[in-house]
Amino acid sequence: MKTVAIIGASADRRKFGNKAVRAFRQQGYAVYPVNPNEAEIEGLVAYPNIAAAPVRPEMVSVYVPPQVLLTLLPEIAAKGCDELWLNPGAESPQVLEEAERLGLSAIQACSIVGVGVSPATL
């Protein structure tokens with residue numbers, strides 16, 4: 001089973017951090033929501049940080065602003081992932097530079113669309 005950690009996952013079904021949880025589940029992924037302010041999202045345990053997730057995810061999809069992401073990149077790199085998806089609003093020149101420096105393979109695109117789901121249908 002493919003694995004994804006969603007940083008900035010949300011319990012609010014109107015937010016893209018929630019739509020991503022639902023989209024990846026629909027596509028058969030094991031989803032690990034990451035949000036320090038939530039205990040559960042869409043019936044899944046929410047982890048306070050990526051280090052607490054029980055697996056090394058193949059993908060990490062990010063829904064936090066660049067200034068927050070910059071502080072999280074070292075932790076993401078320590079956990080490891082094959083692809084780091086920077087959804088619209090998460091990217092910045094500094095984020096891209098730091099991700100590259102840490103050896104992360106960053107993709108600037110909507111991960112929901114990337115997994116084959118239209119956000120409008122969620």
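The values are calculated or read from the model by the stated rules, or taken from the named source; none is laboratory data. The shown structure was predicted, so the numbers you read here are calculated from the model rather than taken from an experiment. Every residue, glycine as well, gets a Cβ built from its backbone with ideal geometry; the counts of neighbours run over all protein chains shown. With ligands, DNA and RNA removed, areas are computed over all heavy atoms of the protein, side chains included. Shrake-Rupley method; radii C 1.70, N 1.55, O 1.52, S 1.80 Å.
Looking only at segment 70-89, how many residues end up being open to solvent by less than 40 Å² (accessible area, probe 1.4 Å) and touching a residue at least 40 places away in the same chain (Cβ under 8 Å)? Let's see the steps before the verdict.
Quick first cut of segment 70-89, residues open to solvent by less than 40 Å² (accessible area, probe 1.4 Å) only: 73, 76-77, 80-81, 84-87.
Filter once more, keeping what is touching a residue at least 40 places away in the same chain (Cβ under 8 Å): 76, 81, 87.
So the answer is 3.
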Quiz item: Which ones in segment 90-110 are free of Cβ contacts under 8 Å to residues at least 12 places away in the same chain and acidic (Asp, Glu)?
Solution: Glu97, Glu100
Practice problem: Please state which of the following conditions Asp12 fails to meet, knowing it meets all the rest: (1) touching a residue at least 40 places away in the same chain (Cβ under 8 Å); (2) in contact with a helix residue (DSSP H, G or I) (Cβ under 7 Å, 6 or more places away or on another chain). | Solution: (1)
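Do we have Glu42 as surrounded by fewer than 17 Cβ atoms within 10 Å (Cβ to Cβ), over 17 Å from Met1 (Cα atoms) and of a type in the set (Asp, Glu) here?
Numbers: surrounded by fewer than 17 Cβ atoms within 10 Å (Cβ to Cβ): yes; over 17 Å from Met1 (Cα atoms): yes; of a type in the set (Asp, Glu): yes.
Taking the combined requirement at face value, the residue satisfies it.
Looking at segment 90-122, which of the residues that are farther than 16 Å from Arg22 by Cβ and polar (S, T, N, Q) is least open to solvent (accessible area, probe 1.4 Å)?
Our first condition is that a residue be farther than 16 Å from Arg22 by Cβ; within segment 90-122, this holds for 90-109.
Cutting the leftovers down to polar (S, T, N, Q) gives us 92, 94, 105, 108.
On the way: Ser92: 18, Gln94: 109, Ser105: 59, Gln108: 112 Å².
This residue is Ser92.
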Practice problem: Collect the residues in segment 14-41 that are in a strand (DSSP E or B), of a type in the set (A, V, I, L, M) and closer than 22 Å to Leu69 by Cα, keeping them in residue-number order. | Solution: Val31, Val34, Ile41
Quiz item: Within segment 15-36, can you find the residues that are touching a strand residue (DSSP E or B) at 6+ places or on another chain (Cβ under 8 Å) and either open to solvent by less than 10 Å² (accessible area, probe 1.4 Å) or under 20 Å from Asn49 (Cβ atoms) (or both)?
Solution: Gly17, Asn18, Ala20, Val21, Phe24, Tyr29, Ala30, Val31, Tyr32, Pro33, Val34, Asn35
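Right, Val62: in contact (Cβ under 8 Å) with a residue 40 or more places away in the chain, among the β-branched types (Val, Ile, Thr) and open to solvent by less than 50 Å² (accessible area, probe 1.4 Å) or not?
Values: in contact (Cβ under 8 Å) with a residue 40 or more places away in the chain: yes; among the β-branched types (Val, Ile, Thr): yes; open to solvent by less than 50 Å² (accessible area, probe 1.4 Å): yes.
Taking the combined requirement at face value, the residue satisfies it.
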Quiz item: Is there a residue being open to solvent by 70 Å² or more (accessible area, probe 1.4 Å), farther than 19 Å from Ala23 by Cα and either among the hydrophobic types (A, V, I, L, M, F, W, C) or within 12 Å of the chain's Cα centre (by Cα) (or both) anywhere in segment 47-56?
Solution: no
